[in-house]
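The values are calculated or read from the model by the stated rules, or taken from the named source; none is laboratory data. Being a predicted model, the structure only gives us computed values, none of them experimental. In this analysis, Cβ positions are derived from the backbone assuming ideal geometry, glycine residues included, and neighbour counts consider all displayed protein chains. Heads up: the accessible areas ignore ligands, DNA and RNA and are worked out on the full protein's heavy atoms, side chains in. Shrake-Rupley method; radii C 1.70, N 1.55, O 1.52, S 1.80 Å.
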Amino acid sequence: KTYGCQMNVYDSSRMSEALVSEGFDITENTDDADFILLNTCHIREKAAEKIYSELGRYRVLKDKNPNLKIGVAGCVAQAEGEEIIKRQPLVDLVVGPQAYHRLPTMLKKLQEGGRSIDIEFPTEDKFLHLPKVNNKNLKPSAFLTIQEGCDKFCAFCVVPYTRGAEVSRSPNDLMDEAYSLTEKGVVEITLLGQNVNAYLSQRNGSKWNLAKLISELARIPELKRIRFTTSHPNDMCDSLIDLFGSETKLMPYLHLPVQSGSNKILKAMNRRHTVAHYLGVLERVRERRPDIAISGDFIVGFPGESDTDFQETIELVERVGYAQAYSFKYSSRPGTPASDLEEVEESIKSKRLLELQAVLGEQQKKFQRKMIGNEYPVLIEKQGREAGQVVGRSPYLQPVFINGSTDLVGEIVSVRMKSYRTNSLEGEIL
């Protein structure tokens with residue numbers, strides 16, 4: 001079971017592949033399982049509490065099947081380690097996100113009795129120790145982790161402590177994995193990283209940044225669409241910005257978190273960019289790709305945020321015009337610099353979040369409203385919830401519901417948009 005970010009989704013698929021290669025079969029039914037693995041997120045306090053609540057439900061399964069093994073992976077595992085087993089003794093295995101390539105070995109140790117914990121940051125590249133992508137049931141769109149960790153040390157964020165320093169995978173490995181994905185029917189790849197546009201590696205003596213990697217991936221004939229997330233404003237280099245205007249396979253969607261519209265709060269957050277710098281990046285991107293959809297992240301109620309600071313965030317949002325955005329109340333995470341600061345009252349945080357989300361919601365509706373009546377290429381990804389319905393993705397990442405056959409899955413079809421919902425669109429195939 002996977003919680004949190006897209007990178008956790010990717011990690012879960014790789015852990016599953018590693019276990020399948022060891023003779024396991026995947027089951028969606030916990031009653032049938034010999035091993036249950038929760039891949040966890042530690043970004044917000046409630047996310048961690050959900051894990052312990054879920055674990056509590058498995059006590060009945062343990063009573064029925066004493067041989068059942070339960071594991072916790074991901075960022076909660078990295079952050080809390082042995083504390084997880086102390087708090088929930090039915091857990092047998094704890095593995096951090098940098099050590100999950102050792103999962104099969106850890107499971108074998110469990111057969112000998114006792115528990116197994118591995119939250120070390122290994123010196124070896126975990127990706128080199130994982131089996132090659134062997135999932136034959138891939139969807140048309142897939143994730144590909146190219147970079148992990150972060151060196152930014154934002155005051156509110158646990159990522160540098162749970163994922164470690166920035167590390168970029170080799171271009172050779174990434175190209176091989178991308179070819180392997182397309183051979184299995186994948187036509188869209190989303191490149192993942194905690195700070196994905198900080199990607200930097202070498203091949204044959206030449207430097208590869210994210211722009212270079214995307215340009216090379218675009219040469220794969222079967223690959224039709226490329227996306228990347230999540231980016232930092234300070235790493236939006238000219239070559240990457242220019243690519244939005246020149247590479248047709250790079251989708252017109254940019255998730256670029258700003259977190260606050262107040263320079264005072266940005267400094268307190270240790271974001272290392274200003275509002276002016278952020279707006280300048282967006283202006284240059286829009287010059288290259290005027291129709292681009294901009295997405296962002298916002299934290300309201302960061303320690304020290306005044307009414308004036310919050311209004312500056314609203315002003316920034318109104319100036320940018322977001323197609324979609326994520327917004328949250330500040331949640332203190334133990335061990336981060338901001339955790340020692342005096343928090344804003346909960347009621348004030350809640351009020352500000354509602355106000356911000358109302359503005360962002362109207363902007364999302366406005367962006368989608370402009371699409372009605374126009375034609376767009378949509379990648380059909382899967383069957384819909386209703387009979388005779390399929391679901392795809394627009395170039396701007398919105399889900400699009402269409403009446404059509406599942407024979408269209410994996411195809412990019414021309415769709416006229418008829419109507420919109422809060423987070424999706426409805427269209428008809430032309």
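In region 239-274, what residues are among the charged types (D, E, K, R) and either free of Cβ contacts under 8 Å to residues at least 24 places away in the same chain or over 23 Å from Arg289 (Cβ atoms) (or both)? Break it down stepwise before answering.
First, the residues of region 239-274 that are among the charged types (D, E, K, R): 242, 247, 249, 264, 267, 271-272.
If the condition is that a residue be among the charged types (D, E, K, R) and either free of Cβ contacts under 8 Å to residues at least 24 places away in the same chain or over 23 Å from Arg289 (Cβ atoms) (or both), then Lys264, Lys267, Arg271, Arg272 are the ones that fit.
Of all residues in region 1-30, how many are small (Gly, Ala, Ser) and under 12 Å from Pro97 (Cβ atoms)?
Just the residues of region 1-30 that are small (Gly, Ala, Ser), to begin with: 4, 12-13, 16, 18, 21, 23.
Narrowing further to those that are under 12 Å from Pro97 (Cβ atoms): 4, 12.
Summing the residues that are small (Gly, Ala, Ser) and under 12 Å from Pro97 (Cβ atoms) in region 1-30 gives 2.
List the pairs whose first member sits in region 164-182 and is β-branched (Val, Ile, Thr), whose second member is open to solvent by less than 20 Å² (accessible area, probe 1.4 Å), and whose Cβ atoms are under 6 Å apart, counting only residues at least 6 apart or on separate chains?
Matching pairs, first to second residue: Val167/Glu148; Val167/Gly149; Thr182/Ile220; Thr182/Leu223.
Which one of these is farther than 30 Å from Ser246 by Cα and either in contact with a Ser or Thr (Cβ under 8 Å, 6 or more places away or on another chain) or open to solvent by 60 Å² or more (accessible area, probe 1.4 Å) (or both): Ile372, Ile314, Ile299? Full working, then the answer.
Values: Ile372 fails: farther than 30 Å from Ser246 by Cα; Ile314 fails: either in contact with a Ser or Thr (Cβ under 8 Å, 6 or more places away or on another chain) or open to solvent by 60 Å² or more (accessible area, probe 1.4 Å) (or both).
On inspection, the qualifying residue turns out to be Ile299.
Would you be able to say whether some residue in region 206-213 is modelled with pLDDT of 95 or more, crowded, with 19+ Cβ neighbours inside 10 Å and closer than 30 Å to Glu312 by Cα?
Checked region 206-213: no residue is modelled with pLDDT of 95 or more, crowded, with 19+ Cβ neighbours inside 10 Å and closer than 30 Å to Glu312 by Cα.
In region 187-205, is there at least one residue being in a loop (DSSP other than H, G, I, E, B), in contact with a helix residue (DSSP H, G or I) (Cβ under 6 Å, 6 or more places away or on another chain), under 24 Å from Val275 (Cβ atoms) and open to solvent by 10 Å² or more (accessible area, probe 1.4 Å)?
Quick first cut of region 187-205, residues in a loop (DSSP other than H, G, I, E, B) only: 187, 193-195, 199, 204-205.
Subsequent filtering for residues that are in contact with a helix residue (DSSP H, G or I) (Cβ under 6 Å, 6 or more places away or on another chain) retains 194, 199.
So of that shortlist, the ones also under 24 Å from Val275 (Cβ atoms) come out as 194.
Right, trim to open to solvent by 10 Å² or more (accessible area, probe 1.4 Å) and you get 194.
Yes.
Against the condition free of Cβ contacts under 8 Å to residues at least 60 places away in the same chain, buried (at least 16 other Cβ atoms within 10 Å of the Cβ) and among the charged types (D, E, K, R), how does Arg57 come out, does it pass?
Details: free of Cβ contacts under 8 Å to residues at least 60 places away in the same chain: yes; buried (at least 16 other Cβ atoms within 10 Å of the Cβ): no; among the charged types (D, E, K, R): yes.
It is false that Arg57 is free of Cβ contacts under 8 Å to residues at least 60 places away in the same chain, buried (at least 16 other Cβ atoms within 10 Å of the Cβ) and among the charged types (D, E, K, R).
Starting from region 354-377, keep only residues that are within 23 Å of Tyr330 (Cα to Cα), then list their pairs with residues that are of a type in the set (Asp, Glu) and open to solvent by 70 Å² or more (accessible area, probe 1.4 Å) whose Cβ atoms are within a distance under 9 Å, requiring at least 6 positions of separation or different chains.
Val359/Glu318; Gln363/Glu318
Conditions first: (1) in a helix (DSSP H, G or I); (2) without any contact (Cβ under 8 Å) to a residue 60 or more places away in the chain; (3) surrounded by 13 or more Cβ atoms within 10 Å (Cβ to Cβ). Ala18 passes all but one, so which condition is the exception?
Among (1) in a helix (DSSP H, G or I); (2) without any contact (Cβ under 8 Å) to a residue 60 or more places away in the chain; (3) surrounded by 13 or more Cβ atoms within 10 Å (Cβ to Cβ), the lone unmet condition for Ala18 is (2).
Among the residues of region 348-359, what is the count of those that are out of contact with any strand residue (DSSP E or B) (no Cβ under 6 Å at 6 or more places or on another chain) and either in a loop (DSSP other than H, G, I, E, B) or open to solvent by less than 80 Å² (accessible area, probe 1.4 Å) (or both)? Even if it seems obvious, please write down each step before you answer.
Narrowing region 348-359 to residues out of contact with any strand residue (DSSP E or B) (no Cβ under 6 Å at 6 or more places or on another chain): 348, 350-351, 354-355, 358-359.
Cutting the leftovers down to either in a loop (DSSP other than H, G, I, E, B) or open to solvent by less than 80 Å² (accessible area, probe 1.4 Å) (or both) gives us 348, 350, 355, 358-359.
So the answer is 5.
Quick one: Asp235 ticks every box in (1) out of contact with any strand residue (DSSP E or B) (no Cβ under 7 Å at 6 or more places or on another chain); (2) of a type outside the set (Gly, Ala, Ser); (3) farther than 17 Å from Asn209 by Cβ except a single one, so which number is it?
That leaves (3) as the condition not met.
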